[in-house]
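Novice: Here it is, the structure in full.
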Amino acid sequence: MTAKERREGALIAVDGVDGAAVKAAARALLPAIPAAGRARVSRWASSGLFADLMIAPQEAGSPSARTLLLFYAADVAFRLRWQIRPAIDEGKVVIAAPYVATAIAFGRAAGLPAAWLDDLFTFALPPSETRFVGEMPRRASAKRSGFVDFGIRCLDGNPNGTMRRELVTRMRAYLKASARR
């Protein structure tokens with residue numbers, strides 16, 4: 001491929017609280033990308049780590065917010081290594097749904113220090129563009145379709161309870177602040 005023929009790859013991050021809305025927003029971006037330059041949507045839980053957590057026996061206990069974010073960081077590292085960077089190197093556009101901003105907002109809402117979260121994700125490739133989905137989840141998803149629903153279910157036995165509302169409200173505030181930067 002000559003330099004003239006080479007396309008520039010890019011990473012578009014789609015972040016938000018509602019997993020279904022994030023997925024839908026990512027899919028809606030695909031038609032605007034020419035087919036020759038389009039790679040795929042890279043979704044959370046691609047590595048299989050979260051599938052293992054989902055089937056863990058009850059006596060294993062629920063992971064803490066810090067543990068969930070360590071797993072999420074490992075999943076992002078997997079996605080970067082096997083999905084995102086190879087496509088970008090080929091000149092393709094990859095959409096990550098969700099990417100790092102969702103995880104950082106989850107951690108901040110759960111009370112984790114900003115410095116620890118920033119350090120945790122220093123390895124992540126900065127996106128060329130970020131889209132924030134502002135929709136609130138209608139209710140907890142029984143399917144655990146998004147990282148936020150999954151995380152809240154791990155932290156709180158009552159997915160429609162006070163903890164859920166507080167975490168989602170705090171997360172939205174962190175994501176709105178991120179969108180303004």
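Novice: Residues ARG40, ARG79: which one is part of a helix (DSSP H, G or I), within 18 Å of the chain's Cα centre (by Cα), of a type outside the set (Ser, Thr, Tyr) and within 13 Å of VAL94 (Cα to Cα)? Quick ask: steps written out before the conclusion?
Specialist: Values: ARG40 fails: part of a helix (DSSP H, G or I).
Among ARG40, ARG79, only ARG79 is part of a helix (DSSP H, G or I), within 18 Å of the chain's Cα centre (by Cα), of a type outside the set (Ser, Thr, Tyr) and within 13 Å of VAL94 (Cα to Cα).
Novice: Give ALA39, ALA45, ALA32, ALA24 a once-over and let me know the one that is touching a helix residue (DSSP H, G or I) at 6+ places or on another chain (Cβ under 8 Å), more than 14 Å from ILE84 (Cβ to Cβ) and among the small types (Gly, Ala, Ser). Lay out the reasoning, then the answer.
Specialist: On the way: ALA39 fails: more than 14 Å from ILE84 (Cβ to Cβ); ALA32 fails: touching a helix residue (DSSP H, G or I) at 6+ places or on another chain (Cβ under 8 Å); ALA24 fails: touching a helix residue (DSSP H, G or I) at 6+ places or on another chain (Cβ under 8 Å).
After applying the criteria, what remains is ALA45.
Novice: Additional query: List the pairs whose first member sits in segment 33-45 and is touching a residue at least 24 places away in the same chain (Cβ under 8 Å), whose second member is surrounded by fewer than 18 Cβ atoms within 10 Å (Cβ to Cβ), and whose Cβ atoms are under 7 Å apart, counting only residues at least 6 apart or on separate chains?
Specialist: GLY37/ARG7; GLY37/GLY91; ARG38/LEU30; VAL41/ARG27; ALA45/ALA51
Novice: From the list PHE71, PHE50, which one is aromatic (Phe, Trp, Tyr) and either within 29 Å of ARG180 (Cα to Cα) or free of Cβ contacts under 8 Å to residues at least 24 places away in the same chain (or both)?
Specialist: Working: PHE50 fails: either within 29 Å of ARG180 (Cα to Cα) or free of Cβ contacts under 8 Å to residues at least 24 places away in the same chain (or both).
Every option except PHE71 fails the conditions.
Novice: Please tell me if PRO63 is surrounded by fewer than 20 Cβ atoms within 10 Å (Cβ to Cβ) and either outside any helix (DSSP H, G or I) or in contact with a helix residue (DSSP H, G or I) (Cβ under 8 Å, 6 or more places away or on another chain) (or both). Give the steps one after another, and end with the answer.
Specialist: Numbers: surrounded by fewer than 20 Cβ atoms within 10 Å (Cβ to Cβ): yes; either outside any helix (DSSP H, G or I) or in contact with a helix residue (DSSP H, G or I) (Cβ under 8 Å, 6 or more places away or on another chain) (or both): yes.
In short, yes.
Novice: Let me ask another. Exactly one condition in (1) surrounded by 16 or more Cβ atoms within 10 Å (Cβ to Cβ); (2) modelled with pLDDT of 95 or more; (3) basic (Lys, Arg) is not met by ARG85; state its number.
Specialist: All conditions are met except number (1).
The values are calculated or read from the model by the stated rules, or taken from the named source; none is laboratory data. The shown structure was predicted, so the numbers you read here are calculated from the model rather than taken from an experiment. Positions of Cβ are generated from backbone atoms using ideal geometry, with glycine treated the same way; all protein chains shown enter the neighbour counts.
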